[in-house]
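The values are calculated or read from the model by the stated rules, or taken from the named source; none is laboratory data. Note that this is a predicted model, so its numbers are computed, not measured. Backbone-built Cβ (ideal geometry, glycine too); neighbour counts: all protein chains shown.
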Amino acid sequence: MLSQERDLLPLLQDREGLRRLPDGSLGRTYLDFMESEDLSAEALVQASQDWDNDPVPAGVQRFRARMRELHDINHVVTGYGRDPLGELCLLTFMYRQNGNLGMLMVVAMSWQRIPPAARKAVREAWRLGRKARWMADQDWESLLARPLEEVRRMLAIVEPVIYPPLAHLRPVA
């Protein structure tokens, strides 16, 4: 993907193009998620530019950008929402995918502040992330038009069972 210098962002910004995709496709479900959460791909880019200004080689920069652009797609594909527990579960899942120690640090720092019942959801995310195929090297540009369930099967992603009824839980202050 890096050698082809693909850029996923224009596809994610093209809401009309995403809207034309079939119901149930990854791209259409992504659009529904973004609209229901009042999000935009552009806002994610802006947020990351505010803190990520380290000079790095072009390949590293491209990889970082792609991982950033996949964040909300990862929410859709894994089934984790944007609530605090969903974000924590997604970080846990993605740590198992890419080994980003920053993600693990956030999970570790949050561990004592989440209700004991929610810890089971985080453990489940750990297991599910380990069992899933590596997501970073996928052809996401073509996967947007595929049915979400097909993409999940292809990547061995199982929807969480423990998380959904706990999504309303908040970390302990």
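Key figures for this structure:
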| quantity | calculated |
| --- | --- |
| Failed item in (1) buried (at least 20 other Cβ atoms within 10 Å of the Cβ); (2) on the phi > 0 side of the Ramachandran plot; (3) not β-branched (Val, Ile, Thr), with Ala156 passing the rest | (1) |
| Answer from Glu42, Glu5, Glu16 - the residue that is at pLDDT 95 or above, farther than 17 Å from Leu148 by Cβ and exposed (fewer than 13 other Cβ atoms within 10 Å of the Cβ) | Glu16 |
| Pairs where the first residue, in segment 115-139, is modelled with pLDDT under 95 and outside any helix (DSSP H, G or I) and the second is surrounded by fewer than 16 Cβ atoms within 10 Å (Cβ to Cβ) and β-branched (Val, Ile, Thr), C-beta under 9 Å, 6+ apart | Pro115/Val172 |
| 1 or more residues without any contact (Cβ under 8 Å) to a residue 12 or more places away in the chain: qualifying helices (runs of 4 or more DSSP H) within segment 1-114 | 9-13, 15-19, 26-36, 41-49, 58-69, 84-98, 101-110 |
| Among the residues listed as Met135, Met103, the single one being touching a Phe, Trp or Tyr at 6+ places or on another chain (Cβ under 6 Å), closer than 18 Å to Arg68 by Cα and not hydroxyl-bearing (Ser, Thr, Tyr) | Met103 |
| Residue in segment 137-152 that is within 25 Å of Glu5 (Cα to Cα), small (Gly, Ala, Ser) and surrounded by 14 or more Cβ atoms within 10 Å (Cβ to Cβ) present | yes |
| Matching residues in segment 19-36 - criterion: being crowded, with 19+ Cβ neighbours inside 10 Å and out of contact with any strand residue (DSSP E or B) (no Cβ under 7 Å at 6 or more places or on another chain) | Leu26, Gly27, Arg28, Thr29, Tyr30, Leu31, Met34 |
